[in-house]
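A.B. asks: Could you have a look at this structure, given as structure tokens, before my questions?
The values are calculated or read from the model by the stated rules, or taken from the named source; none is laboratory data. Computed from a prediction, not measured in an experiment: that's the story for all the values here. Cβ: placed from backbone, ideal geometry, glycine included. Neighbour counts: every protein chain shown.
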Amino acid sequence: MKSGWTTHRGIAVALPIEGINTDQLMPARFMSTPRDQGYAKYLLHDLRRDSGGELAPDFPLNRPEAGDASILVARRNFGGGSSREAAVYALVDAGIRAVIAPSFGDIFAGNAANNGLLAAQVTEQDAGRLLAALESAPAPADVDLEGGSITIRDLRVAFNVDEVRRLKIINNWDDIDLTRNHSAQIAAYRKRLQITRPWVFPRD
Amino acid sequence: MSGQTLFDKLWASHAIRTEDDGTSLLWVDRHLLTEGSHHAFGKLAERGLELAEPSLTFAVADHYVPTRTQLKAQWNADSRRMIDTLERNAARHGLRHFGPADPRQGIAHVIGPEQGLTLPGLLIVCGDSHTSTHGAFGTLGLGIGATEVAHVMATQTIRVVRPKTLRIRFDGMLGPGVGAKDMALAWIAQIGADGARGHAIEYAGDAVTALSMEGRMTLCNLSIEGGARLGMVAPDAITIAYVEGRTYAPAGPHWDAAVREWTELRSDEDADFDAELVLQAGDIAPFVTWGTSPDDALPITACLPDPATLPADKAEKVREALDYMGLEAGRPLAGTPVDQVFIGSCANGRIEDLRLAARVLESRKACVPGLVSPGSSLVKAQAEAEGLDRVFREAGLEWAGSGCSMCVGMNGDIVAPGKRCAATSNRNFRGRQGPGARTHLMSPAMAAAAAVTGELTDARQLLEDRL
Ligand code: SF4
């Protein structure tokens, strides 16, 4: 099991594209692959390639300096669309720990936190400043999850992350364990439901 | 104090507890599983856990189901493995399983309602974003990821951060030949693909209450394309009439109790929404998408955007989308030639959708190839009983089996690279229908019209005297 984290230092790459959806992050045709085979090679599979199927040399993630990237900075609406958690697996398996963008798909943001991946929300302006700082080349960056900031050289930008998700990543909480602590309360709810709204249970 | 919204009421009735951090633990009434559930079953097995409520969990094969052959020997290896895995997991946990050979098989979001599994007042989850479809019944339909699926399997509950509320009101009535798909694309085009992010939508207004259940399902289906967490329509007489007598729906005294509750289930007059959007239904024309995001949508009467007239930040995205789609800036949308059509999916694969497409196609020929895949095997049987299959076949379209099919191409039904498809599905992302495929989203009437003329066409012209 992975452990939680509070700070991360890694290489940040600019991905100045709006609306990178989960179909792009993890194309559907690879989704029947068992996870233990690793999803890194599927990350942005088609977007990284030209029409002939070759890796496009100028796509940010294909540049040699981006090989060890662990932080992505993108434009708004990152991770919209399909609920496929495989999109997060592809990022995580490729070594990505944090994605910084002005907005995220709701389901994606939840999936990310469940896998220790930070989806950090910044303003449009700050995203623009971070992208500008990374325009010529990927650069080392520091993510401070507790303080809620990312620093690239002398540029420091504050980000937002839902408090529940922040704590989940820091503590590597597992929801099933948390919820099973309340099993008595759940059982009581179910019992009450059977008495007050029995129609809720499917007839067969 | 102001009243409660429909959403507030449903949330309250499902909350088991609320944590200090604002997350609620909600009871899940129905859990639908598709082939993608293999990740979650794996997580469950890793921990040696059993399913908490097998009788509230239903397995459905849809994404990988081949629609062109029933013969398993002809399926591709992916389809076989994924469908077999689901069947094995369902058997192992004692779940009701709608497999490819089941006469009630279909897309999860079509058969849930069809079987009476979807009822007003419930909370339904599925590891699929279009679970929002079930909101048409006044139910909370939440799409979730694999970790959450495993959580529901183990506990029959879900932890959710409460979304904000958004009411989208359609005042007035739609014109002839305009439907729920056009309403959906209209609001998404207006506020953007992330415009409803973090919100639970309630659709309201005369044009919404006038919709059939099929129409309401289409409208709620596309909620996610505007970034919303879920979409809903308050239940009414139309809802209750649809549900009555379905296989898993309540009967006898339970039915009476349910109807009493459903009749009260709506937002209070004085309820406050966090946000509100109002559209005039009468102004909505048939919509078509031109780009690679669902908000790249325009009335069929409009011209394509021109990056030269847009601010720099918007121009780049438009240029890229036009480039991928192989379209020329500024040209009229109508008249764009298409290579093929696809009629089906959980957005528009229900009987009414097929009836409408057939109305356009009746005694006409399609001049491009096309695939018609009913949303379920029961929809297929119904369509055949009404002779709709004959209309499609005589027009020259292929009448296939039911499943997700060409909406996502996982079963091998794909659009070839560079080909342009007029589709009734809900996603026009790059490569969604196959690598390099170019998708235009539209209503079933519009897709049928495109089949007849071979180009994007205002379906109203072909529906004259036919409605
Ligand atoms: S029809 Fe398309 S959108 Fe609907 S569940 Fe299947 S793949 Fe998803």
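A.B. asks: Which condition breaks for A:LEU131 when tested against (1) more than 25 Å from B:LYS314 (Cα to Cα); (2) in contact (Cβ under 8 Å) with a residue 40 or more places away in the chain; (3) surrounded by 16 or more Cβ atoms within 10 Å (Cβ to Cβ)?
C.D. replies: (1)
A.B. asks: B:THR457 fails exactly one of the following numbered conditions: (1) part of a loop (DSSP other than H, G, I, E, B); (2) of a type outside the set (Asp, Glu); (3) within 15 Å of the ligand (Cβ to nearest atom). What is the number of that condition?
C.D. replies: It is condition (3) that B:THR457 fails.
A.B. asks: Among B:VAL372, B:VAL391, which is surrounded by 22 or more Cβ atoms within 10 Å (Cβ to Cβ) and either touching a residue at least 40 places away in the same chain (Cβ under 8 Å) or within 16 Å of the ligand (Cβ to nearest atom) (or both)?
C.D. replies: On the way: B:VAL391 fails: either touching a residue at least 40 places away in the same chain (Cβ under 8 Å) or within 16 Å of the ligand (Cβ to nearest atom) (or both).
Every option except B:VAL372 fails the conditions.
A.B. asks: Within the group B:ALA200, B:ALA186, which residue is touching a strand residue (DSSP E or B) at 6+ places or on another chain (Cβ under 8 Å), crowded, with 24+ Cβ neighbours inside 10 Å, touching a residue at least 12 places away in the same chain (Cβ under 8 Å) and not β-branched (Val, Ile, Thr)?
C.D. replies: So the residue among B:ALA200, B:ALA186 that is touching a strand residue (DSSP E or B) at 6+ places or on another chain (Cβ under 8 Å), crowded, with 24+ Cβ neighbours inside 10 Å, touching a residue at least 12 places away in the same chain (Cβ under 8 Å) and not β-branched (Val, Ile, Thr) is B:ALA200.
A.B. asks: Then there is this: Kindly indicate whether B:GLY112 is modelled with pLDDT of 95 or more, farther than 19 Å from B:HIS151 by Cα and within 14 Å of the ligand (Cβ to nearest atom).
C.D. replies: Details: modelled with pLDDT of 95 or more: yes; farther than 19 Å from B:HIS151 by Cα: yes; within 14 Å of the ligand (Cβ to nearest atom): yes.
Yes.
A.B. asks: I'm trying to understand the selection: among the residues of the range B:136-156, which are in contact (Cβ under 8 Å) with a residue 60 or more places away in the chain, touching a Ser or Thr at 6+ places or on another chain (Cβ under 7 Å) and within 16 Å of the ligand (Cβ to nearest atom)?
C.D. replies: B:GLY141, B:LEU142, B:GLY143, B:VAL149, listed by residue number.
A.B. asks: With hydrophobic (A, V, I, L, M, F, W, C) and under 30 Å from B:ASP256 (Cα atoms) as the only criterion, which of A:ILE169, A:ILE152, A:ILE186 stands out?
C.D. replies: On the way: A:ILE169 fails: under 30 Å from B:ASP256 (Cα atoms); A:ILE152 fails: under 30 Å from B:ASP256 (Cα atoms).
The match here is A:ILE186.
A.B. asks: For the range B:318-435, list the helices (runs of 4 or more DSSP H) that sit wholly inside it and hold at least 1 residues that are over 16 Å from the mean Cα position of the chain (by Cα) and outside the structural domain of B:CYS220 (by TED's automatic domain parsing); which are they?
C.D. replies: The helices (runs of 4 or more DSSP H) meeting that bar are B:351-361, B:377-385, B:388-395.
A.B. asks: Let me ask something additional. Might you let me know whether the range B:248-263 holds any residue that is away from chain A (no Cβ under 11 Å) and either surrounded by fewer than 18 Cβ atoms within 10 Å (Cβ to Cβ) or more than 20 Å from B:ASN348 (Cβ to Cβ) (or both)? Lay out the reasoning, then the answer.
C.D. replies: Our first condition is that a residue be away from chain A (no Cβ under 11 Å); within the range B:248-263, this holds for B:263.
Retained after the next criterion (residues that are either surrounded by fewer than 18 Cβ atoms within 10 Å (Cβ to Cβ) or more than 20 Å from B:ASN348 (Cβ to Cβ) (or both)): B:263.
Scanning the range B:248-263, I find at least one residue that is away from chain A (no Cβ under 11 Å) and either surrounded by fewer than 18 Cβ atoms within 10 Å (Cβ to Cβ) or more than 20 Å from B:ASN348 (Cβ to Cβ) (or both), so the answer is yes.
A.B. asks: Something else about it: Looking only at the range A:16-46, how many residues end up being out of contact with any Gly (no Cβ under 8 Å at 6 or more places or on another chain), in contact (Cβ under 8 Å) with a residue 60 or more places away in the chain and hydrophobic (A, V, I, L, M, F, W, C)?
C.D. replies: Number of matching residues: 1.
For (1) more than 16 Å from the ligand (Cβ to nearest atom); (2) surrounded by 21 or more Cβ atoms within 10 Å (Cβ to Cβ); (3) within 26 Å of B:SER425 (Cα to Cα); (4) away from every other protein chain (no Cβ under 13 Å), each residue gets a yes or a no:
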site	(1), (2), (3), (4)
B:VAL28	yes, yes, no, no
B:GLY42	yes, no, no, no
B:LEU49	yes, no, no, no
B:LEU86	no, yes, yes, no
B:ASN89	yes, yes, no, yes
B:ARG92	yes, no, no, yes
B:PHE98	no, yes, yes, yes
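A.B. asks: Got a sec? Which strands (runs of 3 or more DSSP E) wholly within the range A:7-107 have at least 1 residues that are within 12 Å of chain B (Cβ to nearest Cβ)?
C.D. replies: A:98-101
A.B. asks: Just name the residue that is nearest to the ligand (Cβ to nearest atom) out of those in the range B:417-428 that are within 13 Å of another protein chain (Cβ to nearest Cβ) and surrounded by fewer than 24 Cβ atoms within 10 Å (Cβ to Cβ).
C.D. replies: Only one residue fits best here, namely B:PRO417.
A.B. asks: Filter the range A:145-204 for residues that are under 17 Å from the mean Cα position of the chain (by Cα) and facing another protein chain (nearest Cβ under 8 Å) and give the result.
C.D. replies: A:ASP162, A:GLU163, A:VAL164, A:LEU167
A.B. asks: Go through the range B:403-416 and give me each residue that's of a type in the set (A, V, I, L, M) and either within 10 Å of the ligand (Cβ to nearest atom) or more than 18 Å from B:ALA448 (Cα to Cα) (or both). I'd like the intermediate steps shown before the answer.
C.D. replies: Pass one, the range B:403-416, residues of a type in the set (A, V, I, L, M): B:406, B:408, B:410, B:414-416.
Within the range B:403-416, B:MET406, B:VAL408, B:MET410, B:ILE414, B:ALA416 meet the criteria.
To keep it simple, each residue is scored yes or no on (1) among the polar types (S, T, N, Q); (2) touching a Ser or Thr at 6+ places or on another chain (Cβ under 9 Å).
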{"position": "A:ASP68", "(1), (2)": "no, no"}
{"position": "A:VAL73", "(1), (2)": "no, no"}
{"position": "A:GLY81", "(1), (2)": "no, yes"}
{"position": "A:ILE107", "(1), (2)": "no, yes"}
{"position": "A:ASN115", "(1), (2)": "yes, yes"}
{"position": "A:GLN125", "(1), (2)": "yes, no"}
{"position": "A:LEU130", "(1), (2)": "no, no"}
{"position": "A:ALA139", "(1), (2)": "no, no"}
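A.B. asks: Hey, B:ALA449 hits all of (1) buried (at least 24 other Cβ atoms within 10 Å of the Cβ); (2) in a loop (DSSP other than H, G, I, E, B) but one; which does it fall short on?
C.D. replies: Tallying (1) buried (at least 24 other Cβ atoms within 10 Å of the Cβ); (2) in a loop (DSSP other than H, G, I, E, B), B:ALA449 fails exactly one: (2).
A.B. asks: Here are B:GLY344, B:GLY335, B:GLY326, B:GLY349: which of them is away from the ligand (no atom under 16 Å from the Cβ) and more than 14 Å from chain A (Cβ to nearest Cβ)?
C.D. replies: Exactly one of B:GLY344, B:GLY335, B:GLY326, B:GLY349 is away from the ligand (no atom under 16 Å from the Cβ) and more than 14 Å from chain A (Cβ to nearest Cβ), namely B:GLY335.
A.B. asks: Answer with yes or no whether B:ASP182 is modelled with pLDDT of 95 or more, within 20 Å of B:THR289 (Cβ to Cβ) and within 12 Å of chain A (Cβ to nearest Cβ).
C.D. replies: no
A.B. asks: Within the set of pairs 6 or more residues apart or between chains, which connect a residue that is hydrophobic (A, V, I, L, M, F, W, C) inside the range B:1-28 to a residue that is assigned to a loop (DSSP other than H, G, I, E, B) with Cβ atoms less than 6 Å apart?
C.D. replies: B:LEU6/B:ALA234; B:LEU6/B:ARG266; B:LEU6/B:SER267; B:VAL28/B:GLN156
A.B. asks: Answer yes or no: is there a residue in the range B:69-81 that is part of a strand (DSSP E or B) and either away from the ligand (no atom under 16 Å from the Cβ) or surrounded by fewer than 21 Cβ atoms within 10 Å (Cβ to Cβ) (or both).
C.D. replies: No, the range B:69-81 has no match at all.
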